[in-house]
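Inspection log for the structure reproduced underneath, given as C-alpha coordinates.
The values are calculated or read from the model by the stated rules, or taken from the named source; none is laboratory data. Treat the numbers as computed from the prediction; the structure is a model and nothing was measured. Quick reminder, even Gly has a Cβ in these numbers, built from the backbone with ideal geometry, and neighbours come from all protein chains shown. Heads up: the accessible areas ignore ligands, DNA and RNA and are worked out on the full protein's heavy atoms, side chains in. Shrake-Rupley method; radii C 1.70, N 1.55, O 1.52, S 1.80 Å.
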Amino acid sequence: MTAVVFLHGTGVREPGFSALAGRVGAGLTALRPGLRLMPYYWGGAHGATLAAGGASLPPAAGTTRGLADTPAGADPADDTSAAWAALYADPYAELALAMAGARPAGERPPGFVPQEQKLQAQLAALAAQGDAPAAEVGPGLARAATDLAAHPLLGAVAEALDPDDLAALAARSLTARIIADALDADAPLVPVGDVRDAVTDRLAEALGAPPRGTERGVRSLLLRVAGSAASRAVVRRRRALTEAAHPAAGDVLRYLSRGEAVRAGLRDLLAGLEPPVVIVAHSLGGIIALDTLVLTPLPQVRLLVTAGSQGPFLYESGSLPSLEHPAPLPPHVPDWLNLYDPRDLLGYLGAGLFPGRVTDVAVDSRQPFPAAHSAYWTNPAVYRHIADHLP
(Lines give C-alpha, C1' and ligand atoms only; values in the text may rest on other atoms or scores of the structure.)
Protein backbone atom coordinates (compact mmCIF):
# COMPACT_ATOMS: atom_id res chain seq x y z
CA MET A 1 0.00 0.00 0.00
CA THR A 2 1.43 3.37 -1.00
CA ALA A 3 1.76 5.83 1.87
CA VAL A 4 1.36 9.53 1.09
CA VAL A 5 2.94 11.95 3.58
CA PHE A 6 1.40 15.41 3.24
CA LEU A 7 3.19 18.58 4.38
CA HIS A 8 1.33 21.88 4.59
CA GLY A 9 2.69 25.32 3.78
CA THR A 10 3.23 28.51 5.74
CA GLY A 11 0.72 29.91 8.19
CA VAL A 12 -1.47 26.78 8.37
CA ARG A 13 -2.73 25.95 11.85
CA GLU A 14 -5.53 23.87 13.32
CA PRO A 15 -8.39 23.49 12.62
CA GLY A 16 -7.45 24.51 9.10
CA PHE A 17 -4.81 21.82 8.74
CA SER A 18 -7.22 18.95 9.40
CA ALA A 19 -9.64 20.31 6.81
CA LEU A 20 -6.80 20.72 4.30
CA ALA A 21 -5.39 17.24 4.88
CA GLY A 22 -8.86 15.77 4.57
CA ARG A 23 -9.36 17.52 1.23
CA VAL A 24 -6.01 16.26 -0.08
CA GLY A 25 -6.75 12.73 1.09
CA ALA A 26 -10.16 12.73 -0.54
CA GLY A 27 -8.80 14.11 -3.80
CA LEU A 28 -6.10 11.47 -4.05
CA THR A 29 -8.08 8.41 -2.92
CA ALA A 30 -10.85 9.25 -5.35
CA LEU A 31 -8.36 8.54 -8.14
CA ARG A 32 -6.24 5.88 -6.40
CA PRO A 33 -8.25 3.93 -3.80
CA GLY A 34 -6.28 2.31 -1.02
CA LEU A 35 -3.73 5.04 -0.47
CA ARG A 36 -2.66 5.61 3.12
CA LEU A 37 -2.50 9.34 3.93
CA MET A 38 -0.04 10.36 6.65
CA PRO A 39 -0.35 14.08 7.47
CA TYR A 40 2.68 15.84 8.92
CA TYR A 41 1.40 18.82 10.90
CA TRP A 42 4.64 20.66 11.53
CA GLY A 43 3.01 24.05 12.18
CA GLY A 44 1.84 23.13 15.65
CA ALA A 45 5.23 22.13 17.11
CA HIS A 46 7.62 23.99 14.82
CA GLY A 47 5.67 26.94 13.43
CA ALA A 48 6.32 30.53 14.43
CA THR A 49 4.61 32.06 17.45
CA LEU A 50 4.79 35.38 19.25
CA ALA A 51 6.46 33.79 22.25
CA ALA A 52 6.18 36.84 24.50
CA GLY A 53 2.62 37.64 23.56
CA GLY A 54 3.54 40.39 21.12
CA ALA A 55 5.90 42.34 23.36
CA SER A 56 7.86 43.42 20.25
CA LEU A 57 4.90 45.33 18.83
CA PRO A 58 4.72 49.10 19.40
CA PRO A 59 1.78 50.29 21.53
CA ALA A 60 -1.51 50.92 19.80
CA ALA A 61 -2.11 54.44 18.54
CA GLY A 62 -3.44 56.69 21.28
CA THR A 63 -1.51 55.03 24.10
CA THR A 64 1.63 57.05 23.42
CA ARG A 65 2.60 59.89 21.19
CA GLY A 66 5.40 57.81 19.70
CA LEU A 67 6.56 60.56 17.31
CA ALA A 68 9.23 62.51 19.12
CA ASP A 69 10.09 64.47 16.01
CA THR A 70 6.54 65.59 15.18
CA PRO A 71 6.83 69.27 14.20
CA ALA A 72 5.44 71.80 16.67
CA GLY A 73 1.82 72.53 15.94
CA ALA A 74 1.42 69.49 13.68
CA ASP A 75 -1.38 67.03 14.21
CA PRO A 76 0.11 63.51 14.35
CA ALA A 77 -3.32 62.13 13.42
CA ASP A 78 -3.20 64.05 10.11
CA ASP A 79 -1.60 61.16 8.27
CA THR A 80 -1.79 61.18 4.48
CA SER A 81 0.17 57.98 3.93
CA ALA A 82 -2.88 56.01 2.79
CA ALA A 83 -3.61 58.56 0.07
CA TRP A 84 -0.03 58.44 -1.15
CA ALA A 85 -0.14 54.62 -1.08
CA ALA A 86 -3.09 54.77 -3.46
CA LEU A 87 -1.18 57.15 -5.72
CA TYR A 88 1.90 54.91 -5.76
CA ALA A 89 -0.36 52.05 -6.83
CA ASP A 90 -1.89 54.23 -9.57
CA PRO A 91 -0.43 57.70 -10.13
CA TYR A 92 -3.54 58.60 -12.13
CA ALA A 93 -6.02 57.52 -9.47
CA GLU A 94 -6.89 61.09 -8.58
CA LEU A 95 -7.56 61.91 -12.24
CA ALA A 96 -10.14 59.12 -12.30
CA LEU A 97 -11.77 60.36 -9.10
CA ALA A 98 -11.89 63.93 -10.42
CA MET A 99 -13.35 62.70 -13.69
CA ALA A 100 -16.12 60.87 -11.85
CA GLY A 101 -17.28 64.15 -10.33
CA ALA A 102 -16.71 66.35 -13.37
CA ARG A 103 -19.58 68.26 -15.00
CA PRO A 104 -19.84 68.69 -18.77
CA ALA A 105 -18.09 71.86 -19.93
CA GLY A 106 -20.41 74.73 -20.87
CA GLU A 107 -20.15 77.05 -23.84
CA ARG A 108 -16.83 78.92 -24.03
CA PRO A 109 -16.32 82.47 -25.36
CA PRO A 110 -14.32 83.09 -28.56
CA GLY A 111 -10.57 82.94 -28.00
CA PHE A 112 -10.89 80.84 -24.85
CA VAL A 113 -7.79 78.68 -24.24
CA PRO A 114 -8.76 75.38 -22.58
CA GLN A 115 -7.12 74.59 -19.27
CA GLU A 116 -5.87 71.35 -20.78
CA GLN A 117 -3.76 73.22 -23.33
CA LYS A 118 -2.31 75.51 -20.68
CA LEU A 119 -1.38 72.56 -18.48
CA GLN A 120 0.06 70.61 -21.41
CA ALA A 121 2.31 73.56 -22.25
CA GLN A 122 3.42 73.79 -18.62
CA LEU A 123 4.09 70.04 -18.52
CA ALA A 124 6.12 70.28 -21.72
CA ALA A 125 8.19 73.11 -20.21
CA LEU A 126 8.71 71.02 -17.08
CA ALA A 127 9.74 67.98 -19.12
CA ALA A 128 12.28 70.11 -20.98
CA GLN A 129 14.11 70.70 -17.69
CA GLY A 130 14.86 67.00 -17.31
CA ASP A 131 14.97 65.43 -13.86
CA ALA A 132 16.36 68.44 -12.00
CA PRO A 133 13.09 69.89 -10.59
CA ALA A 134 12.34 66.58 -8.85
CA ALA A 135 15.83 65.14 -8.42
CA GLU A 136 15.34 64.52 -4.69
CA VAL A 137 12.65 61.90 -5.33
CA GLY A 138 14.37 60.19 -8.25
CA PRO A 139 14.74 60.19 -12.03
CA GLY A 140 11.91 60.15 -14.55
CA LEU A 141 10.24 63.56 -14.32
CA ALA A 142 10.44 64.22 -18.05
CA ARG A 143 8.80 60.89 -18.88
CA ALA A 144 6.14 61.35 -16.20
CA ALA A 145 5.29 64.86 -17.43
CA THR A 146 5.07 63.74 -21.06
CA ASP A 147 2.82 60.79 -20.18
CA LEU A 148 0.54 62.93 -18.01
CA ALA A 149 0.15 65.52 -20.78
CA ALA A 150 -1.12 62.78 -23.08
CA HIS A 151 -3.50 61.17 -20.57
CA PRO A 152 -7.02 60.82 -22.05
CA LEU A 153 -8.74 62.04 -18.87
CA LEU A 154 -6.72 65.22 -18.59
CA GLY A 155 -9.02 67.36 -20.76
CA ALA A 156 -12.25 66.68 -18.88
CA VAL A 157 -10.54 66.98 -15.49
CA ALA A 158 -8.83 70.22 -16.50
CA GLU A 159 -12.13 71.87 -17.25
CA ALA A 160 -13.72 70.58 -14.05
CA LEU A 161 -11.14 71.85 -11.56
CA ASP A 162 -9.94 75.20 -10.39
CA PRO A 163 -6.52 75.93 -12.00
CA ASP A 164 -4.74 75.84 -8.65
CA ASP A 165 -6.32 72.52 -7.72
CA LEU A 166 -5.49 71.16 -11.18
CA ALA A 167 -1.84 72.13 -10.79
CA ALA A 168 -1.66 70.50 -7.37
CA LEU A 169 -3.33 67.34 -8.66
CA ALA A 170 -0.89 67.15 -11.58
CA ALA A 171 2.07 67.67 -9.26
CA ARG A 172 0.94 64.83 -6.99
CA SER A 173 0.56 62.57 -10.01
CA LEU A 174 4.08 63.39 -11.22
CA THR A 175 5.69 62.80 -7.83
CA ALA A 176 3.76 59.57 -7.31
CA ARG A 177 4.77 58.31 -10.76
CA ILE A 178 8.47 58.94 -10.09
CA ILE A 179 8.36 57.18 -6.72
CA ALA A 180 6.19 54.34 -8.04
CA ASP A 181 8.70 53.69 -10.82
CA ALA A 182 11.47 53.62 -8.22
CA LEU A 183 9.53 51.13 -6.10
CA ASP A 184 8.90 48.94 -9.16
CA ALA A 185 12.63 48.95 -9.83
CA ASP A 186 13.37 47.98 -6.20
CA ALA A 187 15.29 51.20 -5.66
CA PRO A 188 17.23 51.04 -2.39
CA LEU A 189 16.36 54.64 -1.46
CA VAL A 190 12.92 56.25 -1.26
CA PRO A 191 12.53 59.85 0.01
CA VAL A 192 10.84 60.64 3.30
CA GLY A 193 7.47 62.36 3.25
CA ASP A 194 8.83 65.84 3.92
CA VAL A 195 11.07 65.68 0.84
CA ARG A 196 8.26 64.18 -1.24
CA ASP A 197 5.87 66.96 -0.21
CA ALA A 198 8.42 69.70 -0.82
CA VAL A 199 9.07 68.42 -4.34
CA THR A 200 5.34 68.16 -4.97
CA ASP A 201 4.83 71.77 -3.91
CA ARG A 202 7.70 72.86 -6.15
CA LEU A 203 6.17 71.04 -9.13
CA ALA A 204 2.75 72.53 -8.38
CA GLU A 205 4.25 76.03 -8.46
CA ALA A 206 5.96 75.24 -11.76
CA LEU A 207 2.53 74.27 -13.10
CA GLY A 208 0.96 77.54 -12.00
CA ALA A 209 -0.19 77.03 -8.42
CA PRO A 210 0.62 79.72 -5.83
CA PRO A 211 3.13 78.91 -3.07
CA ARG A 212 1.66 76.94 -0.20
CA GLY A 213 3.90 78.33 2.49
CA THR A 214 4.22 75.81 5.30
CA GLU A 215 1.27 73.60 4.33
CA ARG A 216 2.32 70.19 3.16
CA GLY A 217 0.77 66.90 2.11
CA VAL A 218 -2.21 65.73 0.11
CA ARG A 219 -5.29 67.94 0.18
CA SER A 220 -7.33 66.19 -2.44
CA LEU A 221 -10.22 64.07 -3.52
CA LEU A 222 -8.01 61.09 -2.85
CA LEU A 223 -7.38 62.11 0.73
CA ARG A 224 -11.10 62.30 1.40
CA VAL A 225 -11.54 58.84 -0.08
CA ALA A 226 -8.44 57.04 1.22
CA GLY A 227 -6.77 59.33 3.68
CA SER A 228 -6.08 59.68 7.35
CA ALA A 229 -8.95 57.64 8.76
CA ALA A 230 -7.89 54.55 6.80
CA SER A 231 -4.24 55.01 7.69
CA ARG A 232 -4.96 55.47 11.39
CA ALA A 233 -7.18 52.41 11.32
CA VAL A 234 -4.26 50.34 10.04
CA VAL A 235 -2.01 51.66 12.83
CA ARG A 236 -4.68 50.86 15.43
CA ARG A 237 -5.04 47.36 13.97
CA ARG A 238 -1.31 46.70 13.75
CA ARG A 239 -1.38 44.08 16.51
CA ALA A 240 -4.30 42.24 14.90
CA LEU A 241 -2.69 42.45 11.46
CA THR A 242 0.65 41.21 12.78
CA GLU A 243 -0.94 38.34 14.68
CA ALA A 244 -2.84 37.35 11.54
CA ALA A 245 0.13 37.63 9.17
CA HIS A 246 3.08 36.58 11.29
CA PRO A 247 2.61 32.79 11.09
CA ALA A 248 3.24 32.80 7.32
CA ALA A 249 6.28 35.09 7.31
CA GLY A 250 7.48 33.81 10.65
CA ASP A 251 7.31 30.17 9.56
CA VAL A 252 9.71 30.89 6.69
CA LEU A 253 12.16 32.81 8.85
CA ARG A 254 12.01 30.26 11.65
CA TYR A 255 12.61 27.37 9.27
CA LEU A 256 15.55 29.01 7.51
CA SER A 257 17.20 29.82 10.84
CA ARG A 258 16.20 26.77 12.92
CA GLY A 259 14.98 24.11 10.52
CA GLU A 260 16.61 20.98 11.88
CA ALA A 261 13.82 20.21 14.35
CA VAL A 262 11.10 20.15 11.70
CA ARG A 263 13.29 18.01 9.41
CA ALA A 264 13.96 15.61 12.28
CA GLY A 265 10.23 15.24 12.83
CA LEU A 266 9.72 14.38 9.17
CA ARG A 267 12.57 11.85 9.23
CA ASP A 268 11.06 10.16 12.27
CA LEU A 269 7.69 9.87 10.52
CA LEU A 270 9.23 8.49 7.33
CA ALA A 271 11.44 6.01 9.20
CA GLY A 272 8.42 4.05 10.37
CA LEU A 273 6.84 3.65 6.93
CA GLU A 274 7.20 0.77 4.47
CA PRO A 275 7.87 1.57 0.83
CA PRO A 276 6.62 2.91 -1.44
CA VAL A 277 6.26 6.31 0.18
CA VAL A 278 5.29 9.52 -1.61
CA ILE A 279 5.75 12.98 -0.13
CA VAL A 280 3.22 15.61 -1.25
CA ALA A 281 4.09 19.08 -0.03
CA HIS A 282 2.86 22.64 -0.48
CA SER A 283 4.94 25.84 -0.43
CA LEU A 284 7.34 25.83 2.56
CA GLY A 285 6.40 22.19 3.12
CA GLY A 286 8.11 21.45 -0.20
CA ILE A 287 11.30 23.14 0.98
CA ILE A 288 11.23 21.12 4.20
CA ALA A 289 10.72 17.90 2.26
CA LEU A 290 13.42 18.70 -0.31
CA ASP A 291 16.00 19.61 2.34
CA THR A 292 15.22 16.44 4.28
CA LEU A 293 15.63 14.23 1.22
CA VAL A 294 18.86 15.94 0.15
CA LEU A 295 20.44 15.67 3.59
CA THR A 296 19.30 12.12 4.43
CA PRO A 297 19.01 9.09 2.13
CA LEU A 298 15.48 7.74 2.61
CA PRO A 299 15.13 4.89 0.11
CA GLN A 300 11.52 4.19 1.04
CA VAL A 301 10.53 7.54 -0.52
CA ARG A 302 9.96 6.92 -4.22
CA LEU A 303 8.43 10.26 -5.26
CA LEU A 304 8.50 13.88 -4.13
CA VAL A 305 5.58 16.08 -5.21
CA THR A 306 5.77 19.82 -4.59
CA ALA A 307 3.10 22.41 -5.35
CA GLY A 308 3.76 26.15 -5.32
CA SER A 309 7.31 25.52 -4.14
CA GLN A 310 10.06 28.08 -3.63
CA GLY A 311 12.70 25.33 -3.38
CA PRO A 312 14.14 25.90 -6.87
CA PHE A 313 14.36 29.65 -6.28
CA LEU A 314 16.10 29.23 -2.92
CA TYR A 315 18.58 26.86 -4.53
CA GLU A 316 19.37 29.20 -7.42
CA SER A 317 19.66 32.21 -5.11
CA GLY A 318 21.98 30.41 -2.70
CA SER A 319 19.42 30.25 0.12
CA LEU A 320 18.45 26.57 0.24
CA PRO A 321 19.84 25.15 3.50
CA SER A 322 20.70 21.71 2.14
CA LEU A 323 22.24 22.38 -1.26
CA GLU A 324 24.27 25.21 -2.76
CA HIS A 325 24.20 26.05 -6.46
CA PRO A 326 25.64 24.63 -8.72
CA ALA A 327 25.85 21.33 -6.81
CA PRO A 328 23.54 18.71 -8.37
CA LEU A 329 20.80 16.83 -6.58
CA PRO A 330 22.32 13.82 -4.83
CA PRO A 331 21.53 10.51 -6.57
CA HIS A 332 19.50 9.31 -3.58
CA VAL A 333 16.85 12.05 -4.02
CA PRO A 334 13.79 10.42 -5.63
CA ASP A 335 11.89 11.52 -8.72
CA TRP A 336 10.50 15.01 -8.27
CA LEU A 337 7.15 16.18 -9.68
CA ASN A 338 6.91 19.97 -9.35
CA LEU A 339 3.45 21.49 -9.88
CA TYR A 340 3.16 25.23 -10.42
CA ASP A 341 0.40 27.66 -11.31
CA PRO A 342 1.57 30.25 -13.88
CA ARG A 343 -0.22 32.94 -11.84
CA ASP A 344 1.31 31.84 -8.53
CA LEU A 345 4.22 34.18 -7.89
CA LEU A 346 5.49 31.78 -5.21
CA GLY A 347 5.73 28.80 -7.55
CA TYR A 348 9.07 28.13 -9.29
CA LEU A 349 10.55 25.72 -11.84
CA GLY A 350 13.13 23.03 -11.16
CA ALA A 351 13.76 21.25 -14.47
CA GLY A 352 16.19 23.87 -15.77
CA LEU A 353 18.22 23.66 -12.57
CA PHE A 354 18.21 19.87 -12.23
CA PRO A 355 18.01 18.44 -15.78
CA GLY A 356 16.49 15.00 -15.91
CA ARG A 357 15.65 15.03 -12.20
CA VAL A 358 12.57 17.27 -12.01
CA THR A 359 9.33 17.26 -13.99
CA ASP A 360 7.63 20.68 -13.99
CA VAL A 361 3.89 20.65 -14.73
CA ALA A 362 1.70 23.74 -15.04
CA VAL A 363 -1.73 23.64 -13.37
CA ASP A 364 -3.98 26.65 -13.97
CA SER A 365 -6.49 27.48 -11.22
CA ARG A 366 -7.70 30.58 -13.10
CA GLN A 367 -7.17 32.53 -9.89
CA PRO A 368 -5.02 35.64 -9.51
CA PHE A 369 -2.17 35.84 -7.04
CA PRO A 370 -2.21 35.38 -4.06
CA ALA A 371 -5.35 33.23 -4.36
CA ALA A 372 -3.53 31.06 -6.90
CA HIS A 373 -1.04 30.00 -4.23
CA SER A 374 -3.81 28.49 -2.12
CA ALA A 375 -5.91 27.00 -4.93
CA TYR A 376 -3.86 23.89 -5.70
CA TRP A 377 -5.83 21.55 -3.47
CA THR A 378 -9.19 22.43 -5.00
CA ASN A 379 -7.88 21.95 -8.54
CA PRO A 380 -8.79 18.52 -10.01
CA ALA A 381 -5.81 18.71 -12.38
CA VAL A 382 -3.44 18.62 -9.41
CA TYR A 383 -4.79 15.29 -8.25
CA ARG A 384 -4.76 13.84 -11.78
CA HIS A 385 -1.10 14.67 -12.25
CA ILE A 386 -0.17 13.25 -8.85
CA ALA A 387 -2.15 10.06 -9.49
CA ASP A 388 -0.44 9.60 -12.85
CA HIS A 389 2.98 9.62 -11.14
CA LEU A 390 2.21 7.52 -8.06
CA PRO A 391 4.28 4.33 -7.70
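Express in whole angstrom the spacing between the alpha-carbon centres of region 309-334 and region 162-177.
50 Å
Give me the net charge for the shell around Thr359: Cβ to Cβ below 12 angstrom, other residues only, Lys and Arg +1, Asp and Glu -1.
Residues close to Thr359 contribute a combined charge of -2.
Collect residues whose amide H, placed 1.01 Å from N in the peptide plane, falls under 5 Å from the amide H of Val280; neighbours closer than 5 in sequence don't count.
Val5, Phe6, Leu7, Val305
Report the local net charge at Asn379: Lys and Arg +1, Asp and Glu -1, summed over other residues whose C-beta lies under 15 Å from its C-beta.
After counting each charged neighbour, the total is 0.
Counting other Cβ atoms within 10 Å, keep those with at most 14, restrict to DSSP loop, and tell me which trypsin sites (Lys or Arg not before Pro) in region 9-51 are left.
Hits after loop and neighbour filter: Arg13.
Obtain the nm distance between the two label points defined at Leu273 and Ala387 by a simple spin-label model: each point lies 7 Å from its Cα along the Cα-to-C-beta direction.
2.0 nm
What accessible surface, in Å², does a 1.4 Å probe find on Ser365, ignoring ligands, DNA and RNA and rounding to the nearest 10?
30 Å²
Using Stokes-Einstein with the Kirkwood hydrodynamic radius over Cα pairs, what translational diffusion coefficient do you get for region 124-207 at 4 °C and a viscosity of 1.567 mPa s, in µm²/s rounded to a whole number?
100 µm²/s
Could you give the spread of the C-alpha atoms of region 239-391 along their three principal axes, from largest to smallest, in whole angstroms?
Taking max minus min along each principal axis of the Cα atoms, region 239-391 gives 43, 34, 32 Å.
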